[in-house]
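Reading through the structure tokens given below for one structure.
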Amino acid sequence: MSLVAGIDVGSTSTKAVLLNGSENHHLIRPTGWSPRDAGTAILEDLLKISGFPKDQLKKIVATGYGRVSLTFSDKAVTEITCHARGAAYLVPELDTIIDIGGQDSKVIKVNSFGQVLDFFMNDKCAAGTGRFLQIMANALGFDVSDLGNLPPEEPVTISNMCTVFAESEVIGLLAQGVSKNAMVAGLHQAIARRISSMVRKLGNYDRIVFTGGVALNRGVHQCLENELSKNVYVPEKCQLAGALGAALIAQDLLRKD
Ligand code: ADP
């Protein structure tokens, strides 16, 4: 038995992955107000669901914004390192990772071993993040999970990326009778343009992987492909990349013992 866990306590959702050799189990939950409680509860529930006794768990690695509050973990590792590790496992031979989560967006350049060469991270404001999309969806009367499934329309330019101003702009356009779907298309395009400029600043790109909760939005995905003129791969478990990377690092720690 070489049971290890990776826990990614994000601003919006907490993700956990259990690895036992090549066998894996996972769970995603809202983080709520206490990162520590979210991390503790998700691990206990995942152990219960997968049928492993707690005392067989050999290593735990924590990541995400709430990682330091998980004092029961063996190690806290940055999101950049864990996302790179997880994404490289999900899509081998990638060179660029785009991760858009609840409150940050990052672009990570990796080598052929999935090691981080360089990165850009925006965690200073909600512009262009999952939170931004949640607020805009709210203003337009949608659920955030609906946004990527709306019929495509010619995008309307949204000139503000600051969440507060963008929300006012969207409400103003709504009052003028502008189509909601065209506004959503405009929001997706604005996010894709912002992220694509970060990708270009990091140099050449060819094999791009998109992770984080916003990767579930097909509209943002499509706009990124258009902006970058490349295929952008979205792994099925895109939201779990950080937790998976943490679990793989926990396996490394166990091997070193
Ligand atoms: P964090 O790690 O910061 O908690 P996540 O990577 O879990 O963030 O992403 C959370 C974001 O993902 C939410 O803010 C939301 O915008 C987006 N999201 C979550 N589920 C979906 C879905 N089914 N469809 C589209 N977007 C989603």
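Looking at the chain, which longest stretch skips every one of the GluC sites (Glu not before Pro) that is in a DSSP loop with at most 15 other Cβ atoms within 10 Å, leaving the sites themselves out?
Values: sites that count: Glu93, Glu153, Glu236.
Segment 1-92 is the longest.
Can you tell me how region 86-177 classifies by the Cα gyration tensor, rounded, prolate or oblate, using a/c under 1.5 as the rounded cut? Intermediate results must be reported in sequence, preceding the final value.
On the way: a/c = 2.92, a/b = 2.13, b/c = 1.37.
Prolate, because a/c is 1.5 or more and a/b exceeds b/c.
Ordered by residue, what ³J(HN,Hα) values in Hz, to whole numbers, does region 125-134 give under the Karplus form 6.51 cos²θ - 1.76 cosθ + 1.60, where θ = phi - 60° and Gly and Pro are x?
8, 7, 3, x, 9, x, 4, 4, 5, 5
Rounded to the nearest 5, what % of DSSP beta bridges with both residues in the chain are antiparallel? Walk me through the intermediate numbers first.
Details: 26 of 40 bridges.
Restricted to the chain, the bridges split so that about 65 percent are antiparallel.
Provide the net charge surrounding Leu70, with neighbours chosen by a C-beta distance below 12 Å and charges set as Lys +1, Arg +1, Asp -1, Glu -1.
Working: positive: Arg36, Arg67, Lys75; negative: Asp8, Asp37, Asp74.
Neighbour charge sum, excluding Leu70 itself: 0.
Taking a probe of 1.4 Å, how large is the accessible area per residue of the chain, in Å²?
Details: 11880 Å² over 257 residues.
Heavy-atom SASA per residue in the chain reads 46 Å².
Could you pull out every residue, at least 5 positions away or on a different chain, whose amide H is within less than 5 Å of the one on Asn24? Hs are placed 1.01 Å off N in the peptide plane, and Pro or chain starts have none.
Amide H to amide H, under 5 Å and 5 or more residues apart or across chains, Asn24 pairs with nothing.
May I have the pair-distance distribution P(r) for the chain, computed from all Cα-Cα distances with 10 Å bins from 0 and rounded to whole percent?
Cα pair-distance distribution for the chain, in percent: 7, 31, 32, 20, 7, 1, 0.
Kindly flag which residue pairs out of Lys109/Lys230; Lys124/Lys237; Lys75/Lys256; Lys180/Lys237 have an alpha-carbon separation exceeding 18 Å in this structure. Mind dumping the intermediate values first?
On the way: Lys109/Lys230 16 Å; Lys124/Lys237 26 Å; Lys75/Lys256 14 Å; Lys180/Lys237 29 Å.
Over 18 Å apart, Cα to Cα: Lys124/Lys237; Lys180/Lys237.
Using a 1.4 Å probe on the protein chains only, how many percent of the accessible area of the chain belongs to carbon and sulfur?
Numbers: 6040 of 11880 Å².
Of the solvent-accessible surface of the chain, carbon and sulfur hold 51 percent.
Amide H of Ile60 versus every other amide H placed in the peptide plane: which residues, excluding those fewer than 5 positions away on the same chain, fall under 5 Å?
Long-range HN contacts for Ile60: Ala5, Asp74, Lys75.
How large is the helix-only mean residue ellipticity at 222 nm for the chain, computed as the sum of -39500 (n - 2.57) over DSSP H runs with n ≥ 4, divided by its residue count, in deg cm²/dmol to the nearest 500?
On the way: 7 runs with 101 residues, N = 257.
Mean residue ellipticity, 222 nm, calculated: -13000 deg cm²/dmol.
Can you tally the net charge around Pro35? Count Lys and Arg as +1, Asp and Glu as -1, for every other residue whose Cβ sits under 11 Å from the Cβ of Pro35.
Working: positive: Arg36, Arg67; negative: Asp8, Asp37.
Summing Lys/Arg as +1 and Asp/Glu as -1 gives 0.
Through the Karplus equation 6.51 cos²θ - 1.76 cosθ + 1.60, θ set to phi - 60°, convert the phi angles of region 93-99 into ³J(HN,Hα) values in whole Hz; use x for Gly and Pro.
These are the phi-based 3J(HN,Hα) values: 6, 6, 10, 9, 10, 10, 10 Hz.
Assuming a ≥ b ≥ c are the square roots of the Cα gyration tensor eigenvalues, decide whether region 178-244 counts as rounded (a/c under 1.5), prolate (otherwise, with a/b larger than b/c) or oblate. Kindly include the intermediate steps, with their values, before the conclusion.
Numbers: a/c = 2.18, a/b = 1.25, b/c = 1.74.
The shape class here is oblate.
Between Arg193 and Lys54, what is the FRET efficiency for a Förster distance of 51 Å, r being their Cβ-Cβ separation, to the nearest 0.05? Don't jump to the answer; show the numbers that get you there.
On the way: r = 47 Å, r/R0 = 0.92.
For Arg193 and Lys54, the calculated efficiency is 0.65.
Along the Cα→Cβ direction, 7 angstrom out, place labels at Gln115 and Leu253. What is the inter-label distance in nm?
In this crude label model, Gln115 to Leu253 measures out at 2.1 nm.
Which of the chymotrypsin sites (Phe, Trp or Tyr not before Pro) across region 71-117 are loop residues per DSSP, with 16 or fewer other Cβ within 10 Å?
On the way: sites: Phe72, Tyr89, Phe113; in loops: Phe72, Phe113.
Counting only loop positions with at most 16 other Cβ atoms within 10 Å, the chymotrypsin sites (Phe, Trp or Tyr not before Pro) in region 71-117 are Phe72, Phe113.
For Arg207, list long-range residues whose amide hydrogen, built 1.01 Å from N in the peptide plane, is under 5 Å from its own amide hydrogen.
Asp95, Thr96
The values are calculated or read from the model by the stated rules, or taken from the named source; none is laboratory data. Owing to the predicted nature of the structure, the values given are computational and were not obtained by experimental measurement. Methodologically, a virtual Cβ is constructed for each residue, glycine included, from the backbone with ideal geometry; neighbour enumeration extends over all protein chains shown. In case anyone asks, the SASA skips ligands and DNA or RNA and just uses the protein heavy atoms, side chains included. Shrake-Rupley method; radii C 1.70, N 1.55, O 1.52, S 1.80 Å.
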